[in-house]
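Notes follow the structure.
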Amino acid sequence: TFWSGYNNGVGGLIREHGESTRLNLDVLLMNTKTKSRSLTRRHFLKSAAATGAVASGFFVNPVRAASPVSPNDKLDIAFVGVGNKGWHNVEQLISENVVALCDIDANFLNRAAEAFPQAVQYRDYRKMLEAEHNKIDAVVVSTADHTHAPATSVALDLGKHVYCEKPLTHTVAEARAVASLAIKNRLKTQMGTQIHASANYRRVVEIVQAGVLGKISQIYTWCNKGWSNGRFASWDQPVPSHVKWDLWLGPARLRPYAPNIHPADWRRFWEYGSGTFGDMACHIMDLPFWAMQLRHPSSVHSEGPELHPDGTPAWVKATYEFPKTPHHDALTLYWSDGNAHFDPVKETKDHEGNSLSSWGLGVLFVGENGMLAADYGRRQLLPRDKAEEFKAPEPTIPDSPGHWREWVDGCKNGTPTTCNFDYAGALTETVLLGIVAFRRGEKIMWDAEQLTAINDADAESLINKSYRSGFEVVGLKPL
């Protein structure tokens, strides 16, 4: 699959292997319990690594993300969400102290608790943070998108460092509020765009910033996958006993339980996610944001199939205009997903003679002196004769110690994180603004300072939102 380039030591358990690896670990736990009722953390971790390596053929040993530290120099971490991607994040931070675990799903929570029996368990992140805030240094948030900002903002307000999955938030206004709160409280933060730590991304940024392509006027970003067609299914049975449905809904309006949302398909629904655009653009648009030092567009127009009130579309094409700044000239950034790509993505050939769209995902920088195509693990100067005469600039960006390690080191030592919420907040705002434009059905003229669509007052209902009582975002005035 197009995620094949993600196995470079910073990704770990990629999406396609997540569920199978989870099942492998469940089987391991059951087998181990048969032999002994006492499952030690050390034994579990050693066995999990071995089982994952054999079963998936592709497993990043969890200890890679964090180098050994003295027992007195470990972060005390609370985890909000420990299933799927949340479990992956737990694995990447096992050299630290896992103090508290929270999940609305008892199946996920019980599995994590067996691996970390010393950690206290909660179903409600609010109760966990209230009860444990004096015992923890940092919080990891790996929930559905609509609960990112509520949980993250409470942790930041308590003075805790935060690692949050992408997209950072569910709305544009939330992204600005969360970033502001992190800056105000001088906390170390990191958004879960793990590929940012790869060597390949660093080399691409160096090529662009060295001026190899000359003036860059257009950048294309794309992803073939699709999260779409969310429709609320009927359900005439009790809510499954392992799911706290009210807590899963969190800030969203009350709805009857539907079996096709948790745990796998919530991204297909506007109320909880934002489709492929919201899922993948933070990973892929991260590269041009970094290379060009982008911040805020002046406008965005998006197109796609007919808007459905509940579910995300099968494809979207978005066109962003960025004004000239001291870091770059005026340029146009394009996004496309679901195989509905702009012509340069379909028509440009890679070194093997294949369309760039066959890469599955990627970025194409178009400059006056040539083009540069890149995905997670490769980069190619185009046309091919450009590559034959190319001499790479000297590396200027240090290798990352690892995406999670960056955050851990920052929390302990004050060193920078490259996907901090200031940077990640602007990236998330831009991604989500493209979704606003699609849902509004018209071009958005954007005032980034005022967080306002200049030409569309009604867009405010998608830039911000209301919240159920008790699940508000700290520092944000809701609709």
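The values are calculated or read from the model by the stated rules, or taken from the named source; none is laboratory data. Bear in mind that the values here come from a model prediction, so they are computed numbers and not experimental data. Reconstructed Cβ throughout: ideal geometry from the backbone, glycine too, with neighbour counts over all protein chains shown. What goes into the accessible areas is simple: the full protein's heavy atoms, side chains included, and nothing from ligands, DNA or RNA. Shrake-Rupley method; radii C 1.70, N 1.55, O 1.52, S 1.80 Å.
Taking Cα centre as origin and charging only the Cβ of basic (Lys, Arg, +1) and acidic (Asp, Glu, -1) residues, the dipole magnitude of region 316-433 rounds to 140 debye.
Between Gln118 and His351, the contour length at 0.36 nm per residue exceeds the alpha carbon distance by 78.6 nm. In this rough spin-label picture, where each label sits 7 Å from Cα along the Cβ direction, the Lys244-Ser298 distance is 4.9 nm. Net length available on complete extension from Ser466 to Leu479 is 4.2 nm, with 0.36 nm assigned per residue and the Cα-Cα distance removed. Compared with the direct C-alpha span, the chain from Asp157 to Ser358 gains 67.9 nm at full extension, assuming 0.36 nm per residue.
Other residues lying with their Cβ under 14 Å from the Cβ of Ile261 contribute a combined charge of 0, Lys and Arg counting +1, Asp and Glu -1. Each of Tyr122, Tyr163 has its accessible area taken with a 1.4 Å probe; listed largest first, they run Tyr122, Tyr163. Dipole check for region 287-339: with +1 at the C-beta of Lys and Arg, -1 at the C-beta of Asp and Glu, and the Cα centre as origin, the magnitude is about 280 Debye.
Here Gln218 and Ala106 are evaluated by their C-beta separation; at R0 = 45 Å the FRET efficiency comes out at 0.35. Remark: region 64-205 carries a charge dipole of roughly 520 debye about the Cα centre, counting +1 on each Lys and Arg Cβ and -1 on each Asp and Glu Cβ.
Annotation for Asn455 and Gln209: the two label points, set 7 Å from Cα along the Cα-Cβ direction, are 3.4 nm apart. Do any trypsin sites (Lys or Arg not before Pro) in region 146-205 lie in a DSSP loop with no more than 11 other beta carbon atoms within 10 Å, and if so, which? Here the trypsin sites (Lys or Arg not before Pro) that fit, given the DSSP loop and packing criteria, are Arg186. Overall form of region 362-479: oblate. Here a/c, set by the Cα gyration tensor axes a ≥ b ≥ c, is 1.5 or more, and a/b is not larger than b/c. When the Cα gyration tensor is reduced to axis lengths a ≥ b ≥ c, the ratio a/c is 1.5 or higher for region 289-431, and with a/b not above b/c it is classed as oblate. Judged by the gyration tensor of its Cα atoms, with axes a ≥ b ≥ c, region 155-283 is oblate; a/c meets the 1.5 cut and b/c is at least as large as a/b.
Annotation: amide H-H contacts under 5 Å for Lys166 (H modelled 1.01 Å from N, sequence separation of 5 or more, or interchain): Gly192. The listed residues Trp222, Trp248 rank as Trp248, Trp222 when sorted by accessible area, largest first, using a 1.4 Å probe. In the structure shown, the pairs Lys74/Lys135; Lys135/Lys412; Lys127/Lys244; Lys127/Lys412; Lys85/Lys188; Lys166/Lys412 are assessed against 18 Å; a Cα-Cα span above that value is assigned to Lys127/Lys412; Lys85/Lys188; Lys166/Lys412.
Accessible surface area normalised per residue over region 71-172 is 28 Å², counting heavy atoms of protein chains with a 1.4 Å rolling probe. The share of accessible area on region 339-479 that comes from carbon and sulfur is 47 percent, using a 1.4 angstrom probe.
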